[in-house]
Amino acid sequence: MERKIRVGAVSYLNTKPLLYGIERSSLMRDIDMVIDYPASIASMLLKDEIDMGLVPVAILPLMQEYYINGDFCIGSNGPVASVCLFSEVPVEKIGRVLLDYQSRTSVQLAKILLREYWKINPELVSAGKDFRECIRGTTAGVVIGDRALEQRKISPYIYDLGEAWKALTGLPFVFAAWISNKPLEPGFIKEFDEANRAGLAQLDKVIAENPYEVFDLRAYFTRYLDYRLDGPKREGLTKFLQYLEK
């Protein structure tokens, strides 16, 4: 290879099984890895600062050229636990929704669900870093990632976006996938896929390496998250992109 392949991944717990395999593979000789929150990784891919990233799928309409690589993703087939609308009041009483600055896909998904599923029209506000402190009264918030797992212990009303999407469409949801802005060598993608698979096969070690008292990681990795980018997930992704076009 003329240069290393620049790969971006997300810093959340949900990526730990995939990264466990990648970081212990021979791929590490061939890649430069950068870790950040989802919206930042997406921005890097759009600016060609990385070649491939585990990025929010909501950026696909913004890309002139894209390739969805391999057989793994961050997805769910029902409740996902870590992408939720949090509130102190029932959803029909929400007047304002703060949108997580770390997200692209989840924010777009929330907008679709507020309109199509819950059929409410609250004020939508792009939120700053400390926005979780403002989730009170009739102001709700879309929170993603590890902070969402923490927020589950705080907010009395929790509306899981993965669960709501399944109820609306009957389909699973893809939050992020390994997307590149240029074609990459098939041999590299095959090896990358094998590294993902190897990490998912070693969940005991992943969990031992990431002690977490807030949420049961075994349940999170196996019952809530679904890492397979299979046919139904691709169908769910197509449906989501159709909603974005509207």
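The values are calculated or read from the model by the stated rules, or taken from the named source; none is laboratory data. Not measured: the values here are computed from a predicted model. Cβ: placed from backbone, ideal geometry, glycine included. Neighbour counts: every protein chain shown. Calculation scope for accessible area: heavy atoms of the full protein, side chains included, ligands and nucleic acids excluded. Shrake-Rupley method; radii C 1.70, N 1.55, O 1.52, S 1.80 Å.
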field: Hits in segment 1-19 - residues which are in contact with a Ser or Thr (Cβ under 9 Å, 6 or more places away or on another chain), among the hydrophobic types (A, V, I, L, M, F, W, C) and assigned to a helix (DSSP H, G or I)
entry: 13
message: Just to be sure I understand the filter: pairs with C-beta atoms under 8 Å, separated by 6 or more residues or on different chains, first member in segment 218-246 and farther than 17 Å from residue 15 by Cβ, second member open to solvent by 10 Å² or more (accessible area, probe 1.4 Å) and of a type in the set (D, E, K, R). Which pairs pass?
response: 230/71; 243/116
query: Just for segment 189-220: of the residues that are assigned to a loop (DSSP other than H, G, I, E, B) and acidic (Asp, Glu), which one is farthest from the chain's Cα centre (by Cα)?
result: 213
statement: If we keep only residues of segment 83-127 that are within 19 Å of the chain's Cα centre (by Cα) and polar (S, T, N, Q), then the residue surrounded by the fewest Cβ atoms within 10 Å (Cβ to Cβ) is 126
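Here's the yes/no breakdown for (1) under 22 Å from residue 68 (Cα atoms); (2) under 19 Å from the mean Cα position of the chain (by Cα); (3) of a type in the set (Ser, Thr, Tyr); (4) open to solvent by 70 Å² or more (accessible area, probe 1.4 Å):
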site	(1), (2), (3), (4)
181	yes, yes, no, no
187	yes, no, no, no
222	no, yes, yes, yes
227	yes, yes, yes, no
232	yes, yes, no, no
236	yes, yes, no, no
240	yes, yes, no, no
- prompt: Right, residue 67: within 13 Å of the chain's Cα centre (by Cα), open to solvent by 10 Å² or more (accessible area, probe 1.4 Å) and not hydrophobic (A, V, I, L, M, F, W, C) or not?
  reply: no
- line: Among 142, 80, the single one that is surrounded by 17 or more Cβ atoms within 10 Å (Cβ to Cβ), part of a strand (DSSP E or B), of a type in the set (A, V, I, L, M) and within 18 Å of the chain's Cα centre (by Cα) is 142
- prompt: So, in segment 100-131, of the ones that are at pLDDT 95 or above and of a type in the set (A, V, I, L, M), which residue ends up farthest from residue 214 (Cα to Cα)?
  reply: 120
- request: Kindly list, by first and then second residue, each pair from a residue in segment 32-50 that is among the acidic types (Asp, Glu) to a residue that is surrounded by 15 or more Cβ atoms within 10 Å (Cβ to Cβ) and in a strand (DSSP E or B), limited to pairs with Cβ atoms under 8 Å and residues at least 6 apart or on different chains.
  value: 32/5; 32/6; 32/7; 36/8; 36/10; 49/6
query: Taking segment 20-39 as the search range and keeping residues that are assigned to a helix (DSSP H, G or I), touching a Leu at 6+ places or on another chain (Cβ under 9 Å) and more than 25 Å from residue 99 (Cα to Cα), which one is least open to solvent (accessible area, probe 1.4 Å)?
result: 21
query: When segment 145-171 is examined, which residues are found to be under 15 Å from the mean Cα position of the chain (by Cα) and either buried (at least 24 other Cβ atoms within 10 Å of the Cβ) or part of a helix (DSSP H, G or I) (or both)?
result: 146, 147, 148, 149, 161, 162, 163, 165
